[in-house]
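The values are calculated or read from the model by the stated rules, or taken from the named source; none is laboratory data. Keep in mind that this is a model prediction, so the values were computed, not measured. All Cβ positions, even for glycine, are placed from backbone atoms using ideal geometry, and neighbour counts span all protein chains on display. To get the accessible areas, we keep the full protein, side chains included, count just its heavy atoms, and leave off ligands, DNA and RNA. Shrake-Rupley method; radii C 1.70, N 1.55, O 1.52, S 1.80 Å.
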Amino acid sequence: MPNRIKAVRKALKLSQREFGEKLGVSRDVISNLEYDRVHPKELLLRHICQLYRVNQHWLETGEGEMFDSDPADTARLDEALSIFKNLRPEFQDYALEQIRKLAELQEKK
């Protein structure tokens, strides 16, 4: 499993510090996991899978696909949600209206 945790981090192009910060743990924790000095707790594994959309079966066994979805797609979605959350309510309403119009336009083509 240590190699798979490192593979996830590398696939996401994150340093140990960046990977750990999003999980709420230090760089040292990530380093210890990657070098198999400690074994991850089930809660941390679930958090990795949820946060980074990693296939839990793959993380545990190495079988199947690494990610449940393409990280590039999820990065765009995460960015859009972050921007949307920071808008004032009236701008959120306007943005949502525009997204609906774009979806309708796409369905017509």
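Brief remarks on what is shown
- Long-range neighbours under 8 Å by Cβ, at least six apart or interchain, first residue more than 22 Å from Ala11 (Cα to Cα) within the stretch 71-85, second part of a helix (DSSP H, G or I): Phe84/Gln92; Phe84/Ala95
- Qualifying residues in the stretch 23-35 (those that are in a helix (DSSP H, G or I) and surrounded by 14 or more Cβ atoms within 10 Å (Cβ to Cβ)) - the one nearest to the chain's Cα centre (by Cα): Leu23
- Selection count, the stretch 63-76, where residues are of a type outside the set (Phe, Trp, Tyr) and either in contact with a Pro (Cβ under 6 Å, 6 or more places away or on another chain) or open to solvent by less than 90 Å² (accessible area, probe 1.4 Å) (or both): 9
- Lone qualifier among Glu104, Glu79 - being open to solvent by 90 Å² or more (accessible area, probe 1.4 Å) and under 13 Å from the mean Cα position of the chain (by Cα): Glu79
- For the stretch 43-55, the candidate set comprises residues that are at pLDDT 95 or above and out of contact with any Asp or Glu (no Cβ under 9 Å at 6 or more places or on another chain); within that set, the residue that is least open to solvent (accessible area, probe 1.4 Å) is Ile48.
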